[in-house]
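K.L.:
Got a structure here, written out as structure tokens. Questions coming.
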Amino acid sequence: MNIEDYILSHSDPEPEYLAKVNRATHVKLINPRMCSGHLQGRVLSMFCHMISPKSVLELGTFTGYSALCMAEALTDNAVLHTIECDDELEDFIRQNFAGSEHGHKIKLHIGEALNVIESLSETFDLVFIDADKREYLAYYEAVLPKLRAGGFILADNTLWDGKVLKTVDANDKQTIEIMHFNDFIATDDRVEKVMLPLRDGLTLIRKK
């Protein structure tokens, strides 16, 4: 047993409907590792239980796994907006949402995240950023004004397979922009922040 197996064996089990989403993601899609998975999914659900948000925004739906994890912790009068740029995933996502008793809490938007963010008038309690790494700082600046004081942003993949510690190729725009984002957040006095070594790095940000 490795350390991750030990952690999972001492955490809540993955709900059956999420295991089906995870399995279908690995069978049908090219980059299944983009799916949040069991451990991170339980963490997202726990954060939502702790925060009790009424309005959540997710950037980067992929197959809907993380959205469903957060939705399970929301009350029936709460709403989770999730944005996916790949319209070819829409049917798959909607099928996954339909397979959960929590799917009705989720509003799926297909389009470029920055455009959709601009069109939303809500004030959010929680934002989960897990979309194009090259746009992380732009996403952050776009959502921060729409986040209530005391609200939270969770930014995924901020360790980026450890590449943030290595010499970066000039053409590696994703790593460059993740590092730029991390450095910016570290010195931004509008927020409190802590980077967690969870999976591929998860930065927890609280708006002052």
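The values are calculated or read from the model by the stated rules, or taken from the named source; none is laboratory data. What you are looking at is a predicted structure, and each value in this text was computed from that prediction instead of being measured. Here the Cβ is made from the backbone with ideal geometry for all residues, glycine too, and neighbour counts use every protein chain on show.
Listed here are the residues, each with its yes/no results for (1) closer than 22 Å to F47 by Cβ; (2) in contact with a Gly (Cβ under 9 Å, 6 or more places away or on another chain); (3) buried (at least 22 other Cβ atoms within 10 Å of the Cβ).
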{"position": "F128", "(1), (2), (3)": "yes, yes, yes"}
{"position": "E135", "(1), (2), (3)": "no, no, no"}
{"position": "Y140", "(1), (2), (3)": "yes, no, no"}
{"position": "A149", "(1), (2), (3)": "yes, no, no"}
{"position": "I153", "(1), (2), (3)": "yes, no, yes"}
{"position": "K166", "(1), (2), (3)": "no, no, no"}
{"position": "N171", "(1), (2), (3)": "no, no, no"}
{"position": "I178", "(1), (2), (3)": "yes, yes, yes"}
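K.L.:
I would also like to ask the following. Please list, ordered by first then second residue, the pairs with beta carbon atoms under 8 Å, 6 or more apart or interchain, first in the range 162-189 and free of Cβ contacts under 8 Å to residues at least 60 places away in the same chain and at negative phi, second acidic (D, E) and not in a loop (DSSP other than H, G, I, E, B).
P.N.:
Every condition considered, the pairs that remain are E177/E135.
K.L.:
Looking only at the range 60-92, which residues are closer than 16 Å to Y139 by Cβ, crowded, with 22+ Cβ neighbours inside 10 Å and without any contact (Cβ under 8 Å) to a residue 60 or more places away in the chain? Steps first, answer last, please.
P.N.:
Here is the first cut: in the range 60-92, the ones closer than 16 Å to Y139 by Cβ are 60-62, 66, 81-85.
So of that shortlist, the ones also crowded, with 22+ Cβ neighbours inside 10 Å come out as 60-62, 66, 82-84.
Correct list: T61, T82, I83, E84.
K.L.:
Something else: Quickly run through the range 1-18 and pick out the residues that are in contact (Cβ under 8 Å) with a residue 12 or more places away in the chain and either part of a helix (DSSP H, G or I) or within 20 Å of D200 (Cα to Cα) (or both).
P.N.:
Answer for the range 1-18, where residues must be in contact (Cβ under 8 Å) with a residue 12 or more places away in the chain and either part of a helix (DSSP H, G or I) or within 20 Å of D200 (Cα to Cα) (or both): E4, I7, L8, S11, E14, Y17, L18.
K.L.:
Take the conditions farther than 22 Å from R206 by Cα and over 12 Å from the mean Cα position of the chain (by Cα) and apply them to H109. Does it pass? Break it down into steps so the answer makes sense when it comes.
P.N.:
Values: farther than 22 Å from R206 by Cα: yes; over 12 Å from the mean Cα position of the chain (by Cα): yes.
So H109 passes the test.
K.L.:
Does I117 fit the bill of being β-branched (V, I, T), out of contact with any Phe, Trp or Tyr (no Cβ under 7 Å at 6 or more places or on another chain) and within 22 Å of G150 (Cα to Cα)?
P.N.:
yes
K.L.:
So how many residues does the range 52-77 have that are outside any loop (DSSP other than H, G, I, E, B) and within 26 Å of I30 (Cβ to Cβ)?
P.N.:
Residues in the range 52-77 being outside any loop (DSSP other than H, G, I, E, B) and within 26 Å of I30 (Cβ to Cβ): 9 in total.
K.L.:
When the residues of the range 22-42 are filtered to those that are among the polar types (S, T, N, Q) and surrounded by 14 or more Cβ atoms within 10 Å (Cβ to Cβ), which remaining residue is farthest from E84 (Cα to Cα)? If you could, list the steps in order and put the result at the bottom.
P.N.:
Kept after step one, since they are among the polar types (S, T, N, Q), are these residues of the range 22-42: 22, 25, 31, 36, 40.
Adding the requirement that they be surrounded by 14 or more Cβ atoms within 10 Å (Cβ to Cβ) leaves 22, 25, 36, 40.
On the way: N22: 17, T25: 15, S36: 15, Q40: 19 Å.
Among them, the one singled out is Q40.
To keep it simple, each residue is scored yes or no on (1) modelled with pLDDT of 95 or more; (2) buried (at least 22 other Cβ atoms within 10 Å of the Cβ).
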position: L44; (1), (2): yes, yes
position: E58; (1), (2): yes, yes
position: R94; (1), (2): yes, no
position: G99; (1), (2): no, no
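K.L.:
Please enumerate the residues belonging to the range 10-56 that are hydrophobic (A, V, I, L, M, F, W, C) and within 21 Å of E88 (Cα to Cα).
P.N.:
First pass over the range 10-56, keeping only residues hydrophobic (A, V, I, L, M, F, W, C): 18-19, 21, 24, 27, 29-30, 34-35, 39, 43-44, 46-48, 50-51, 56.
Those that are hydrophobic (A, V, I, L, M, F, W, C) and within 21 Å of E88 (Cα to Cα): L18, V21, A24, V27, L29, I30, M34, C35.
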